[in-house]
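Student: Please read through the structure below; I'll follow up with questions.
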Amino acid sequence: MDYYSGISFGAMIMIAFIAIAVFLYGMFLNIKKWSLGSTGYGLEPSNGSIGVFLKTLLAAIKEESPKKGHKQSLITTLVLDILLQRRILRRNPLRWFMHITIFVGWMALFIFSLIMFLFEVIELIGIELPLALHPEVLRDTMAVPNDVFSYILLVGIIIAIVRRLFISDVRENTIAYDSVFLAGLTIITVSGFVSDWIRIGLFVDYGIPEVASPPAAFFHVIISLLFCIAYIPYSKYMHMIAAPLVLLANKGGE
Amino acid sequence: MAKRTPSINTNNLTAVQIMEIDACTRCGECVDWCPTYDAKDKSPGLAPRDKIKRWKSFMDRSYGLRAKLFGPKPVNDDEMQEFSDDLYHCTTCGVCGTVCEVGINTVELWESIRANLVKRGNGPYGKQNMFPKLIKEYRNPYMKDQKDRLLWIPDDIKIAEKADVLYFAGCTAGFNQQVLGVCTARVMNKLNVPFMLLGEEEWCCCSALIRTGQPHIDDVPKVSAIHNVEAIEASGVKTVMFACAGCYRVATIDWPRLIGRKPRFKIVHIADILADHIKHGKIKWEKSLNNQIITYHDPCHLGRHCGVYETPRIVLENLPGARFVEMDRIRAEQRCCGAGGGVKAGIPDLAVGISSTRINDAQAVNADIMSSTCPFCRRNLGDGRDNVYGVTGTDFDLRDNPENEMQVEDMIVLVAELMGLSTKIKSQMEEE
Ligand code: HEM
Ligand code: SF4
Ligand code: SF4
Ligand code: SF4
């Protein structure tokens with residue numbers, strides 16, 4: 001547990017749980033809000049019970065589109081519209097490249113972190129793991145993929161920032177909703193790099209010793225938990241949940 | 001402190017639509033395509049993205065985290081009225097939905113929010129509030145007597161007592177632009193496709209009420225839908241044919257929703273029937289367009305809303321002597337003519353502003369004739385043409401186009417003309 005133990009692993013677990021609780025509460029609020037709608041066009045508003053949203057969503061997904069030739073299987077929507085995001089590609093290849101790098105980078109790092117976390121916990125509660133799955137070994141195994149996807153994410157973020165700063169039309173239409181989200185993502189990505197660079201001793205010459213690594217990593221992990229999980233339902237992050245659901249409900253959209 | 005109540009409610013929005021509001025990523029693609037925003041000097045409030053942002057802010061102030069913790073924050077009346085007026089500038093063309101990167105079904109969203117605003121007392125806009133009363137009382141928006149539904153039919157047209165096909169003429173072809181009705185009927189007669197009409201039993205499709213967010217007022221559209229569907233089913237026909245994009249859209253998309261089931265008949269557009277006849281070489285042409293350049297404007301309600309793009313093109317491409325060309329922005333990405341969504345009635349200047357841009361698209365490909373398959377496009381593109389060329393309305397005439405102005409005409413009138421059929425309506429025939 002050395003990696004985190006500038007402050008204890010326990011503290012991190014606690015923050016993880018807080019983050020998840022805040023996330024769940026936000027999702028509850030959103031689903032509750034969505035459930036204030038009706039179950040179909042022109043119908044009276046529902047009773048607002050939380051199941052209404054799910055019921056309406058499932059009905060929309062199942063419903064046949066009245067439009068000629070507008071048929072699409074669930075799997076097509078899932079792969080082409082949600083994972084490959086062809087609707088962005090159709091409109092603008094550069095923006096698609098920006099987004100797919102953010103998407104792939106973020107998703108991969110998120111999943112890696114989840115796996116790491118899982119094995120840390122498994123070890124913590126005393127279950128014997130094969131050597132290859134020991135957190136310390138696993139961290140080394142994952143170091144390269146972690147690096148690769150961090151750079152992929154960084155590329156996307158840089159394009160997004162440049163776009164928002166230097167294209168006047170985009171800049172003028174940027175509101176806090178957009179910039180807070182992008183800024184948060186930037187801080188996380190950069191803090192991840194910095195803590196890693198400290199760990200491998202890149203900053204020793206600048207008077208930052210490797211022992212500063214655990215607090216830096218801790219900082220990165222904490223804000224990641226808060227920003228990448230807790231903040232989702234309250235911000236533009238929400239699109240990563242709502243957008244795929246809209247695409248499913250509308251069969252990939254018009 | 002007494003808790004305030006939320007300023008807005010969720011009337012008329014479905015649970016999925018409320019989620020759609022939260023899915024918008026503010027990518028701005030829709031803004032680049034919106035015809036109203038473009039025609040109104042890019043007035044920021046008209047951009048689809050901005051409308052979603054404002055409704056989201058109203059929702060958040062009423063139901064978001066802060067509202068949960070500290071009570072809802074009010075939305076003041078001016079802000080709401082401004083939002084409503086902006087929303088009523090939309091023609092419900094739907095191109096914002098076509099290009100939306102997350103696939104939001106925008107047309108339905110605008111219509112649902114409109115209905116919500118009508119219930120609050122903010123909508124509709126201008127003269128649009130007359131529609132429900134008129135259509136309920138007269139069963140058509142032109143204040144005509146239902147008994148006169150068949151008055152447009154001259155003696156030369158044969159209407160079958162019993163047939164497999166029923167022609168749902170619609171109020172506009174029946175009362176207001178009768179040339180469309182007579183041409184459709186004469187073409188069908190000539191092709192030996194017998195058809196019935198509902199006559200007095202044909203009630204307005206209520207497109208205008210649904211598009212302007214007034215479907216709930218006395219349930220006029222629902223009552224009409226039930227009436228029309230039952231009357232058609234009672235007639236025993238297998239197929240209902242439309243020549244009006246507005247009616248076709250209502251029948252295809254809104255009827256099943258309003259009556260809660262699929263109607264037991266097939267819905268086709270006259271273009272489908274004509275294309276089929278052309279494919280089988282069954283149309284005998286008598287005249288030629290003499291090498292004129294013709295282009296096609298997809299009506300939003302037929303194309304983007306219902307997915308009918310191909311058959312009108314097959315017809316126009318095969319008109320004798322036609323040089324068919326495509327303009328910029330066609331099919332799913334078509335640029336709206338500006339008439340829809342109640343804009344022609346509510347904000348006529350805006351409608352002409354938008355249609356003038358569309359006329360420019362046709363000018364750019366040197367079109368001699370711009371054709372469409374919707375009476376509202378025909379009227380509004382005609383007005384746009386008059387605006388751009390500084391002339392006043394001339395009906396299509398193969399022989400007489402002295403100024404070499406672009407002509408705007410419905411596909412069915414061109415077909416009738418080129419099949420050598422009369423395009424004269426009853427009153428013109430009586431004059432002679
Ligand atoms: C799962 C399906 C997802 C879909 C369909 C989706 C869709 C979109 C779309 C359409 C945009 C607007 C892009 C543009 O400006 O052209 C966007 C923006 C953005 N998305 Fe996603 N997204 C998804 C998931 C994610 C995930 C997992 C992340 C990770 C953080 C993410 C991060 C972002 C960021 C940072 C922006 C804003 C870029 C900017 O500020 O210009 N998205 N998303
Ligand atoms: S439906 Fe058409 S007019 Fe209305 S907001 Fe969308 S693009 Fe603009
Ligand atoms: S195209 Fe869709 S996601 Fe993009 S700003 Fe418009 S409504 Fe929002
Ligand atoms: S939409 Fe159709 S039925 Fe309704 S008024 Fe127009 S033409 Fe008549």
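Every number here is computed from the coordinates shown, using simple stated rules; none is lab data. Source: prediction; values computed, not measured. Here Cβ is always computed from backbone atoms with ideal geometry, including for glycine, and neighbour counts include all displayed protein chains.
Student: Which GluC sites (Glu not before Pro) does the range B:120-207 hold that lie in a coil by DSSP with at most 11 other beta carbons within 10 Å? List each step's numbers first, then the result.
Tutor: Numbers: sites: B:Glu137, B:Glu161, B:Glu200, B:Glu201, B:Glu202; in loops: B:Glu161, B:Glu202.
Answer by residue number: B:Glu161.
Student: Running a GNM on chain B with Cα contacts under 10 Å, which residue among B:Phe131, B:Phe168, B:Phe70 ends up with the highest mean-square fluctuation?
Tutor: B:Phe70
Student: Then there's this: Return one number: the angle in degrees, 0 to 90 and rounded to the nearest 10, between the long axis of the Cα atoms of helix B:106-120 and the longest principal axis of the Cα atoms of chain B.
Tutor: 60
Student: What are the equivalent ellipsoid semi-axes of the range B:1-79, built from the alpha-carbon gyration tensor (square roots of five times its eigenvalues), in whole angstrom, biggest first? Walk me through the numbers before you get to the answer.
Tutor: Values: eigenvalues 152, 41, 22 Å².
They are 28, 14, 10 Å, listed from largest to smallest.
Student: With charges set only on the Cβ (+1 for Lys and Arg, -1 for Asp and Glu), what does the dipole of the protein assembly as shown come to about its Cα centre, in debye to the nearest 20? Don't skip to the answer; put the middle values down first.
Tutor: On the way: 74 positive and 75 negative charges, 239 e Å.
So the dipole magnitude of the protein assembly as shown works out to roughly 1160 debye.
Student: Compute the long axis of helix B:270-279 from its Cα atoms, compare it with the longest principal axis of the Cα atoms of chain B, and write down the angle in degrees, 0 to 90, nearest 10.
Tutor: Result, in degrees: 50.
Student: Output needed: percent of Cα pairs per 10 Å distance bin for chain A, bins running from 0 to the one holding the longest distance.
Tutor: Calculated over all Cα pairs of chain A, the distribution is 6, 23, 30, 25, 12, 4, 0 percent.
Student: Hey, another quick one. Just to be sure I understand: if I project the alpha-carbon convex hull of chain B onto a plane and average over all orientations, what area do I get in nm²?
Tutor: Working: hull surface 85.9 nm².
Average of the hull's projected areas for chain B equals 21.5 nm².
Student: Setting aside same-chain residues fewer than 8 positions from B:Lys136, which aspartates and glutamates have a Cα under 17 Å from its Cα?
Tutor: Of all the aspartates and glutamates, those that pass the test against B:Lys136 - Cα under 17 Å, at least 8 places apart if same chain - are B:Asp145, B:Asp148, B:Glu200, B:Glu201, B:Glu202, B:Asp218, B:Asp219.
Student: Now for a different question. With a length cut of 27 Å (Cα positions projected on each helix's long axis) and a Kyte-Doolittle mean of at least 1.0, go through chain A and give me the DSSP H helices that pass.
Tutor: A:9-34, A:93-124, A:135-166, A:176-199
Student: Another one. With the calculation restricted to Cα positions, what are the radius of gyration and Dmax of the range B:285-418 in angstrom?
Tutor: Just the Cα atoms of the range B:285-418 yield Rg and Dmax of 13.8, 42 Å.
Student: Once a ≥ b ≥ c are taken as the square roots of the eigenvalues of the Cα gyration tensor of the protein assembly as shown, is the result rounded (a/c under 1.5), prolate (a/b larger than b/c) or oblate (a/b not larger than b/c)? Working shown, then result.
Tutor: On the way: a/c = 2.49, a/b = 2.12, b/c = 1.17.
It comes out prolate by the Cα gyration axes.
Student: Cross-link partners among lysines for B:Lys68, C-alpha distance below 30 Å, same-chain residues fewer than 8 apart left out?
Tutor: A:Lys32, A:Lys33, A:Lys55, A:Lys236, B:Lys3, B:Lys51, B:Lys53, B:Lys56, B:Lys119
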